[in-house]
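Participant: Below you will find the structure I want to go over with you.
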Amino acid sequence: MFSHFRGDGNFFYCMDTHEALQTYIDSGKIIVRSGRIRLEQTFSHYILEEDQKDVRDLFSACNYGPDGSRLDAVWCANDYQAGIVTQELLARGYTPDNFPIVTGAFCELEAVKNIIASTQSMSVHKYVRALPEETVAMVIGILDGNPVEIHDVREYKGKYGNYSVPVHIIDPVVVTRDNYKEVLIDTGYYTEDELAR
């Protein structure tokens, strides 16, 4: 299990995911051989050499490899960490035919290439371009007197009072080898040439 750097703005997503995984760890359905199950034990340093050494040392201590201890999955909260894990697994002799599940997020270019090569299972794509488009559409709707689609209301307590903020949610998309063309190429996020290099 590898989460974000402690100061990363996406860290709160790790908390939710970790909480969901903890239920399965507690029930014994997921076994974390390293024993690193508390969230603070899974932080990345975001210093490449340190994170590579951390992955290498952890995998060595657990004897992970095609001829060693069984490794079914590695939860990586982002593509940066997934890339480090993927390189270490390849160095240990795993091939696309016996590769463990490796997760990621943000659909970085190298991660998508790894997904195509079957050395990363998935990544989460956030439609960043959709945010301004949806915002403009909402503003135009408000100016025209049309109702705006609201999915939730979030409550915030601030220095100057409490606020109820209506929220329009744009769901992220799980990208796999089966849908990367539709999600990333057909929408113009990446070109086939970029992914072929």
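The values are calculated or read from the model by the stated rules, or taken from the named source; none is laboratory data. Everything quoted here is computed from the prediction, not taken from an experiment. Heads up, the Cβs are rebuilt from the backbone with ideal geometry, glycines too, and the neighbour counts pull from every protein chain shown. Only protein heavy atoms, including side chains, enter the accessible area calculation; ligands, DNA and RNA are left aside. Shrake-Rupley method; radii C 1.70, N 1.55, O 1.52, S 1.80 Å.
Participant: Test Pro147 against the criterion of being more than 20 Å from the chain's Cα centre (by Cα), closer than 30 Å to Gly83 by Cβ and without any contact (Cβ under 8 Å) to a residue 40 or more places away in the chain, and give yes or no. Before you say what the answer is, go through the steps one by one.
Facilitator: Values: more than 20 Å from the chain's Cα centre (by Cα): yes; closer than 30 Å to Gly83 by Cβ: no; without any contact (Cβ under 8 Å) to a residue 40 or more places away in the chain: yes.
Against the criterion (more than 20 Å from the chain's Cα centre (by Cα), closer than 30 Å to Gly83 by Cβ and without any contact (Cβ under 8 Å) to a residue 40 or more places away in the chain), Pro147 does not qualify.
Participant: Same structure again: State yes or no: is Arg177 open to solvent by 70 Å² or more (accessible area, probe 1.4 Å), modelled with pLDDT of 95 or more and either within 27 Å of Gln52 (Cβ to Cβ) or in contact with an Asp or Glu (Cβ under 6 Å, 6 or more places away or on another chain) (or both)?
Facilitator: On the way: open to solvent by 70 Å² or more (accessible area, probe 1.4 Å): yes; modelled with pLDDT of 95 or more: yes; either within 27 Å of Gln52 (Cβ to Cβ) or in contact with an Asp or Glu (Cβ under 6 Å, 6 or more places away or on another chain) (or both): yes.
Against the criterion (open to solvent by 70 Å² or more (accessible area, probe 1.4 Å), modelled with pLDDT of 95 or more and either within 27 Å of Gln52 (Cβ to Cβ) or in contact with an Asp or Glu (Cβ under 6 Å, 6 or more places away or on another chain) (or both)), Arg177 qualifies.
Participant: Looking at Glu182, Glu194, which one is among the acidic types (Asp, Glu), assigned to a helix (DSSP H, G or I) and open to solvent by 70 Å² or more (accessible area, probe 1.4 Å)? Full working, then the answer.
Facilitator: Details: Glu194 fails: open to solvent by 70 Å² or more (accessible area, probe 1.4 Å).
It is Glu182.
Participant: Further, regarding this structure: Scan segment 162-176 for residues that are part of a strand (DSSP E or B) and of a type in the set (Ser, Thr, Tyr) and jot them down. Can you show your working first?
Facilitator: Going residue by residue through segment 162-176, those that are part of a strand (DSSP E or B) are 162-167, 173-175.
Answer for segment 162-176, where residues must be part of a strand (DSSP E or B) and of a type in the set (Ser, Thr, Tyr): Tyr163, Ser164.
Participant: Being free of Cβ contacts under 8 Å to residues at least 40 places away in the same chain and surrounded by fewer than 13 Cβ atoms within 10 Å (Cβ to Cβ) narrows it down to one residue among Asp54, Asp67; which is it?
Facilitator: On the way: Asp54 fails: surrounded by fewer than 13 Cβ atoms within 10 Å (Cβ to Cβ).
Going through Asp54, Asp67 in turn, the sole match is Asp67.
Participant: Against the definition (surrounded by 10 or more Cβ atoms within 10 Å (Cβ to Cβ) and touching a strand residue (DSSP E or B) at 6+ places or on another chain (Cβ under 6 Å)), how does Ile150 come out, yes or no? Before the answer, list the steps.
Facilitator: On the way: surrounded by 10 or more Cβ atoms within 10 Å (Cβ to Cβ): yes; touching a strand residue (DSSP E or B) at 6+ places or on another chain (Cβ under 6 Å): yes.
Spelling it out, Ile150 is indeed surrounded by 10 or more Cβ atoms within 10 Å (Cβ to Cβ) and touching a strand residue (DSSP E or B) at 6+ places or on another chain (Cβ under 6 Å).
Participant: Also, quick follow-up: From the list His168, His125, pick out the single residue that is at pLDDT below 90 and under 23 Å from the mean Cα position of the chain (by Cα). I'd like the intermediate steps shown before the answer.
Facilitator: Working: His125 fails: at pLDDT below 90.
So the residue among His168, His125 that is at pLDDT below 90 and under 23 Å from the mean Cα position of the chain (by Cα) is His168.
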